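The values are calculated or read from the model by the stated rules, or taken from the named source; none is laboratory data. Remember, it's a predicted structure, so these values are computed and weren't measured experimentally. Note that we place each Cβ from the backbone using ideal geometry, even for glycine, and neighbour counts take in every protein chain shown. The accessibility values were calculated without ligands, DNA or RNA, using every heavy atom of the protein model including side chains. Shrake-Rupley method; radii C 1.70, N 1.55, O 1.52, S 1.80 Å.
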Amino acid sequence: MRVLSGIQPTGEKHLGNYVGAIRRWVAEQHEVDAFHPIVDLHAITVPQDPEELREATLDLAALLIASGLDPDVCTLFVQSHVPEHPRLSWVLECLTPYGELRRMPQFREKSAAQTSFSVGLMTYPVLQAADILLYDADVVPVGEDQRQHLELARDIAQRFNQRFGETFVVPEGTYGELGAKIMDLQSPETRMSTSLGTELGTVKVLDPPDTIRRKVRSAVTDSGRDVVRAEEKPGITNLIEIMAVATDETPEAVEARYASDGYGRFKEEVAEAVVELLDPIRLRYGELRGSPDRLAEILAQGAEKAHAIARETLARVHERVGFVTP
Ligand code: TYM
């Protein structure tokens, strides 16, 4: 089974990225044939400082390896190293109705936050479809916020297959039973996000233990004192989910253990569990980030593996579409 899931290099990675995506990739890498691009082409849909983007790309490679992704087991690469991504994206763009992209929720959210935005911000999900379809991925493990992008990738694959004959695998998005939507600790109605969330409400994977403790302790909780999940209690519900993921338990088990302890003590325990979850990553990250040559080597090896597959898929697509072989 082929798996593909990407992640943007910019914006510091947070607990939502880790729990909703990275951790799941690490857990399943030995059972599947996994491809994980660091999607720098997606990052430039909004303005980036070139030097910061370059650093962030290497930072993320180190973070993913520190989190447990093994570059000898899965294929870890930088999207811009494989030129077939934008080349396939172009062909797919020409099959995608403008109205469909304009209505995408993430585009509306991001474009509304700016007075002027690039065309790339709108075609972003087509490039994402190209990432997936280039590798004939069966499964795409992502967080809830990517659901519409996955639906679009499926539609594009089906549309292409209908028009030109069976060419692409129609991919399936998979979402973790727990942790597919980690919420901001300060405003638990919105998902945790470096670009859209609050600083105090966003636990970064590389936050030192004391910062994590401070953020979790100051998490907004709801009225009452019972540690139980409820729709009208998004703050405590989010903390229960985080605790369950961090300790590998069911939310019911967490509720049973802390039900009558009150919010204060519960938050202390959640903070410790999150520190235990993330601290080993921070320590390994420090070692890896200090070896840029080793990182470059790993990424070159990943790009080579990815390129071999992408090249064949694009040739198949060009042939179907009617381009003359060069
Ligand atoms: P990105 O970089 O924003 O996020 C990476 C992964 O983290 C998940 N995630 C979350 N999960 C749970 N709770 C949250 N609060 C939370 N915030 C983020 C995301 O769902 C994602 O799985 N467009 C994609 C990158 C991409 C991609 C792809 C993904 C490009 N090509 C192909 C899959 C397949 C993005 O911006 O993810």
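Does T190 meet the test of being under 22 Å from Q106 (Cβ atoms), open to solvent by 50 Å² or more (accessible area, probe 1.4 Å) and in contact with an Asp or Glu (Cβ under 9 Å, 6 or more places away or on another chain)? Give the steps one after another, and end with the answer.
Working: under 22 Å from Q106 (Cβ atoms): yes; open to solvent by 50 Å² or more (accessible area, probe 1.4 Å): yes; in contact with an Asp or Glu (Cβ under 9 Å, 6 or more places away or on another chain): yes.
Judged against the criteria, T190 is a match.
Could you please find all residues in the stretch 112-136 being assigned to a loop (DSSP other than H, G, I, E, B) and either over 20 Å from V170 (Cβ atoms) or β-branched (V, I, T) (or both)? Result: A113, Q114, T115, S116, F117, S118.
Restricting to the stretch 164-188, and then to whatever is closer than 30 Å to C94 by Cα and part of a loop (DSSP other than H, G, I, E, B), can you tell me which residue is farthest from the chain's Cα centre (by Cα)? Talk me through it step by step, then tell me what you get.
Taking the stretch 164-188 as the starting set, the residues that turn out to be closer than 30 Å to C94 by Cα are 164-175.
Subsequent filtering for residues that are part of a loop (DSSP other than H, G, I, E, B) retains 165-171, 175.
Values: G165: 31, E166: 29, T167: 26, F168: 23, V169: 21, V170: 20, P171: 16, Y175: 11 Å.
Checked the stretch 164-188; the qualifying residue farthest from the chain's Cα centre (by Cα) is G165.
List the number of the failed condition for S218; all other conditions in (1) over 20 Å from R191 (Cβ atoms); (2) out of contact with any Asp or Glu (no Cβ under 8 Å at 6 or more places or on another chain) hold. Failing condition for S218: (1). V274 meets the conditions (1) open to solvent by 40 Å² or more (accessible area, probe 1.4 Å); (2) out of contact with any Ser or Thr (no Cβ under 7 Å at 6 or more places or on another chain); (3) not in a loop (DSSP other than H, G, I, E, B) in every case but one. The failed one is (1). Look at (1) within 23 Å of A56 (Cα to Cα); (2) out of contact with any strand residue (DSSP E or B) (no Cβ under 8 Å at 6 or more places or on another chain); (3) open to solvent by less than 30 Å² (accessible area, probe 1.4 Å) and you find that P292 fails only one, number (3). The residue that is farthest from the ligand (Cβ to nearest atom), among those in the stretch 105-117 that are closer than 22 Å to I38 by Cα and open to solvent by less than 50 Å² (accessible area, probe 1.4 Å), is F107. Listed by first and then second residue, the pairs linking a residue in the stretch 3-14 that is touching a residue at least 24 places away in the same chain (Cβ under 8 Å) to a residue that is among the basic types (K, R) and more than 7 Å from the ligand (Cβ to nearest atom), with Cβ atoms under 6 Å apart and 6 or more places separating them unless they lie on different chains, are E12/K204; H14/K204.
Residues are listed down the side, and each one gets a yes or a no for (1) more than 10 Å from the ligand (Cβ to nearest atom); (2) in contact with a helix residue (DSSP H, G or I) (Cβ under 7 Å, 6 or more places away or on another chain):
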residue: I7; (1), (2): no, yes
residue: P37; (1), (2): no, yes
residue: T45; (1), (2): no, yes
residue: D49; (1), (2): yes, no
residue: L60; (1), (2): no, no
residue: D72; (1), (2): yes, no
residue: T75; (1), (2): yes, yes
residue: V82; (1), (2): yes, yes
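Take the residues in the stretch 213-236 that are surrounded by fewer than 19 Cβ atoms within 10 Å (Cβ to Cβ) and of a type in the set (S, T, N, Q), then tell me which one is modelled with the highest pLDDT. Across the stretch 213-236, the extreme among qualifying residues is S218.
The residue that is farthest from the chain's Cα centre (by Cα), among those in the stretch 261-305 that are closer than 26 Å to R214 by Cβ and hydroxyl-bearing (S, T, Y), is Y263. Of all residue pairs spaced 6 or more apart or on separate chains, those with beta-carbon atoms under 6 Å, a first member in the stretch 87-100 that is without any contact (Cβ under 8 Å) to a residue 60 or more places away in the chain and a second member that is assigned to a helix (DSSP H, G or I) are S89/V126; S89/L127; S89/A130; E93/T123; E93/V126. Screening D210 with (1) away from the ligand (no atom under 15 Å from the Cβ); (2) assigned to a helix (DSSP H, G or I); (3) open to solvent by less than 50 Å² (accessible area, probe 1.4 Å) gives one miss only, at (3).
Looking only at the stretch 1-47, count how many residues are of a type in the set (D, E, K, R) and touching an Asp or Glu at 6+ places or on another chain (Cβ under 8 Å). Full working, then the answer.
Residues of the stretch 1-47 that are of a type in the set (D, E, K, R), as a first pass: 2, 12-13, 23-24, 28, 31, 33, 40.
Applying the additional criterion that residues be touching an Asp or Glu at 6+ places or on another chain (Cβ under 8 Å) yields 2.
Final tally of qualifying residues: 1.
State all residues of the stretch 310-323 that are of a type in the set (V, I, T) and crowded, with 18+ Cβ neighbours inside 10 Å; if no residue qualifies, say none. I'd like the intermediate steps shown before the answer.
Start the filter on the stretch 310-323 by keeping residues that are of a type in the set (V, I, T), which leaves 313, 317, 321.
The answer is T313, V317.
Identify the residue in the stretch 142-160 that is of a type in the set (A, V, I, L, M) and within 12 Å of the ligand (Cβ to nearest atom) and, among all such residues, is farthest from L95 (Cα to Cα).
Residues of the stretch 142-160 of a type in the set (A, V, I, L, M): 142, 150, 152-153, 156-157.
Right, trim to within 12 Å of the ligand (Cβ to nearest atom) and you get 142, 150, 152-153.
On the way: V142: 25, L150: 16, L152: 12, A153: 12 Å.
Looking at the filtered set, the residue picked out is V142.
Of the candidates T198, T123, the single residue that is under 27 Å from E241 (Cα atoms), more than 12 Å from the ligand (Cβ to nearest atom) and over 16 Å from the mean Cα position of the chain (by Cα) is T198.
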